[in-house]
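Right, one structure below, let's go through it.
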Amino acid sequence: MKLRKGIAVTTTEYGGVLLDEKDGSYWQLNDTSVIVVETLAAGEAPEVAVERIVAEFDVERAEAESDVAQLTRQLVEAKILRP
């Protein structure tokens with residue numbers, strides 16, 4: 001997966017922001033969402049994001065898998081990520 005052209009990602013002290021440079025819309029991301037976006041944008045599999053989240057946060061694998069799958073679907077539906 002790759003970020004659609006014109007989408008910028010910036011990390012902040014509170015997580016991160018995705019900015020659509022074309023229309024100015026933006027989405028705030030929490031820390032785990034930043035991990036998912038960075039991992040997928042780098043061409044890595046969602047499972048890599050799950051591994052990173054489980055290693056860094058106190059979360060069960062099943063919950064991380066569900067959250068990563070849900071966020072991935074939302075980003076594809078919003079045309080932020082392209083398969």
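Applied to region 62-73, the Karplus parametrisation 6.51 cos²θ - 1.76 cosθ + 1.60 on θ = phi - 60° returns per-residue 3J(HN,Hα) values of 4, 5, 4, 4, 5, 5, 5, 4, 5, 5, 4, 4 Hz, with x for Gly and Pro.
With a cut-off of at most 14 other beta carbons within 10 Å, and DSSP calling the residue loop, which chymotrypsin sites (Phe, Trp or Tyr not before Pro) in region 1-55 qualify? Please list them. It would help to have the intermediate numbers written out before the result.
Working: sites: Tyr14, Tyr26, Trp27; in loops: Tyr14.
Filter output for region 1-55: Tyr14.
Using a probe radius of 1.4 angstrom, the carbon and sulfur fraction of the accessible surface of the chain is 49%. Per residue of the chain, the DSSP helices (runs of n ≥ 4 H) give a summed -39500 (n - 2.57) that works out to -15000 deg cm²/dmol at 222 nm.
Think of a 1.4 Å ball rolled over the protein heavy atoms: the chain then has 65 Å² of accessible area per residue.
Contact order, relative form, for the chain: 30 percent (alpha carbon pairs under 8 Å, 6 or more residues apart, mean separation divided by residue count).
Once Cα Rg over 2.2 N^0.38 Å is calculated for the structure shown, the corresponding label among (1) 1.04; (2) 1.10; (3) 0.96 turns out to be (1).
Tilt of helix 31-41 relative to the longest C-alpha principal axis of the chain, in degrees (0 to 90, nearest 10)? The angle comes out at about 70 degrees.
Accessible surface of Leu71, taken over heavy atoms with a 1.4 Å probe and every protein chain present, rounds to 30 Å².
The values are calculated or read from the model by the stated rules, or taken from the named source; none is laboratory data. Predicted, not measured: the structure shown is a model, and the values here were computed from it. For neighbour counting, all protein chains shown are included, and Cβ atoms are generated from backbone atoms with ideal geometry for every residue, glycine included. Calculation scope for accessible area: heavy atoms of the full protein, side chains included, ligands and nucleic acids excluded. Shrake-Rupley method; radii C 1.70, N 1.55, O 1.52, S 1.80 Å.
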